[in-house]
Amino acid sequence: MNLALDTIESSKIAWQSIIANKARGALTILGIIIGIVAVTTTMTAFNGMQSTFREGAGAIGADVIYVSRMPWINLNDFFAFRNRPNLDVAEAAALEKALEGRAIVNPSIATRQDLKYRSNSMQAVTILGTTEKMVVVSDRKPEFGRFLMGFDVRYKKQVAIIGFEVAEDLFGQANPINKEINIGRYRFRVAGVMEKQGGSTFGGPNFDRQVFVPISTFVKLFGGRRFMDVDVAVKSPAIASLDELEYEVIGEMRKIRKLRPVEPDNFSINKLDSLLGAFNSIVGAVLGIGLLVTSISLFVGGIGVMNIMFVSVTERTREIGIRKAIGAKRRSILMQFLFESAAICLAGGLIGIAISAGIAAGINASGLMPASISPGIMIAAIVISIAVGVFAGLVPAIKGAMLDPIEALRYE
């Protein structure tokens, strides 16, 4: 009961002191505001980067194995990888036959070509030769129209499924379905428009700036001596996991390429998990460095609070002496200054959160990346603010609590 009364009384005195010194309190709070804004904005940016990357990676397909010439990461031995043979359509067909009934196999091959529709044009757009199975092994679907179909691939039809940005740039508000566009020097009929994915923020592929054509048509018109990926997704419940599928794909690819047991693989197996792991490691390191740097501003703000609290204890030495003379305990004096310090920092933290929320809203509105301050970040910012206040005020509060009442009353 006495502790509760001491807490209430100390809180009142501390609050009265803050109100009495508004200008000094505002300048002290400013350091905490800058520190909290720096820390919360860094954490918000990290969450936005993760969200953007995962949305883009989701279009690739999480439960899929990608057979490629090169690994997506760990390219330290690039000169060894560069001598590997490219995958080709025949190998993709052989792999599909070997895994028939157990997995879905979809080859894809890419180039860049200029596009033109009447007076509108686009330069260096990614053209992907693929099959109708692409919508099965990825999360991407047409917004309207249709995707490639089996007969398009079988009969080498010159049809194109265009990305959302391609549709906007070439056709504006007009309906592109059944219109003809030029891809390089060849004419293709638009059969569908893919749903909007959003542009890449970190230098990866812009999925809205792509055009899909039948792989058979691609090879016929643009040639097949290019980098090819073969996507393999689980189809049969007999394959229990992605790891099990990986072992099967490696075995079948080695048979297709007639590799002897002592020969190393001359192809790579890539998975989204490894890409996400590499991304999280890199961005996690950047976040750690960013938080370390931004925490310096919070530390400087805490030092400022500590200095002000020392000044406050010195200015109120006589007041402390009077309170002790009429029976105030050391605990009450200690709590008074700790509460004052924590209240200053908490106010700075709350203002900092509000400013950070405004910055996040601006980033979100710009379309750079999804950004918003999560409840977790808010709670962390509040806890950090209070902790900084307690630690910054601890030494001055102890100094005030330990003052001798007689010496304090003599202080001028």
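The table for this structure:
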| quantity | calculated |
| --- | --- |
| Count - residues of the range 366-405 that are at pLDDT below 70 and either within 15 Å of Ala342 (Cα to Cα) or in a helix (DSSP H, G or I) (or both) | 1 |
| Per-region count, the range 181-191, residues farther than 15 Å from Val125 by Cβ and within 38 Å of the chain's Cα centre (by Cα) | 2 |
| Among residues of the range 242-275, those that are surrounded by 14 or more Cβ atoms within 10 Å (Cβ to Cβ), free of Cβ contacts under 8 Å to residues at least 60 places away in the same chain and part of a helix (DSSP H, G or I), counted | 2 |
| Filtered residues of the range 278-331 (kept if part of a helix (DSSP H, G or I) and of a type in the set (D, E, K, R)) | Glu315, Arg318, Glu319, Arg323, Lys324, Arg330, Arg331 |
| Leu298 vs. criteria assigned by TED's automatic domain parsing to the domain that holds Thr42 and either without any contact (Cβ under 8 Å) to a residue 60 or more places away in the chain or of a type in the set (Phe, Trp, Tyr) (or both) | no |
| Subset of the range 174-195 (residues that are of a type outside the set (A, V, I, L, M) and out of contact with any Asp or Glu (no Cβ under 6 Å at 6 or more places or on another chain)) | Asn175, Pro176, Asn178, Lys179, Glu180, Asn182, Gly184, Arg185, Tyr186, Phe188, Gly192 |
| Qualifying residues in the range 237-271 (those that are of a type in the set (D, E, K, R) and within 14 Å of Arg102 (Cβ to Cβ)) - the one modelled with the highest pLDDT | Glu252 |
| From the options Phe310, Phe391, residue that is among the aromatic types (Phe, Trp, Tyr) and closer than 26 Å to Thr41 by Cβ | Phe391 |
| Residue under evaluation Ser332, criteria (1) surrounded by 18 or more Cβ atoms within 10 Å (Cβ to Cβ); (2) hydroxyl-bearing (Ser, Thr, Tyr); (3) out of contact with any Asp or Glu (no Cβ under 7 Å at 6 or more places or on another chain); (4) more than 26 Å from Val37 (Cα to Cα), criterion not met | (3) |
| Criterion: within 22 Å of Phe299 (Cα to Cα), in contact (Cβ under 8 Å) with a residue 60 or more places away in the chain and out of contact with any strand residue (DSSP E or B) (no Cβ under 8 Å at 6 or more places or on another chain) - qualifying residue of Ile363, Ile386, Ile351 | Ile351 |
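Quick grid of which residues meet (1) under 40 Å from the mean Cα position of the chain (by Cα); (2) surrounded by 17 or more Cβ atoms within 10 Å (Cβ to Cβ); (3) of a type in the set (A, V, I, L, M, F, W, C):
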position	(1), (2), (3)
Val286	yes, no, yes
Leu298	yes, yes, yes
Ile303	yes, no, yes
Ile308	yes, yes, yes
Arg316	no, yes, no
Arg323	no, yes, no
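The values are calculated or read from the model by the stated rules, or taken from the named source; none is laboratory data. Computed from a predicted structure; not experimentally measured. We place every Cβ from the backbone using ideal geometry, glycine too, and count neighbours over all the protein chains shown.
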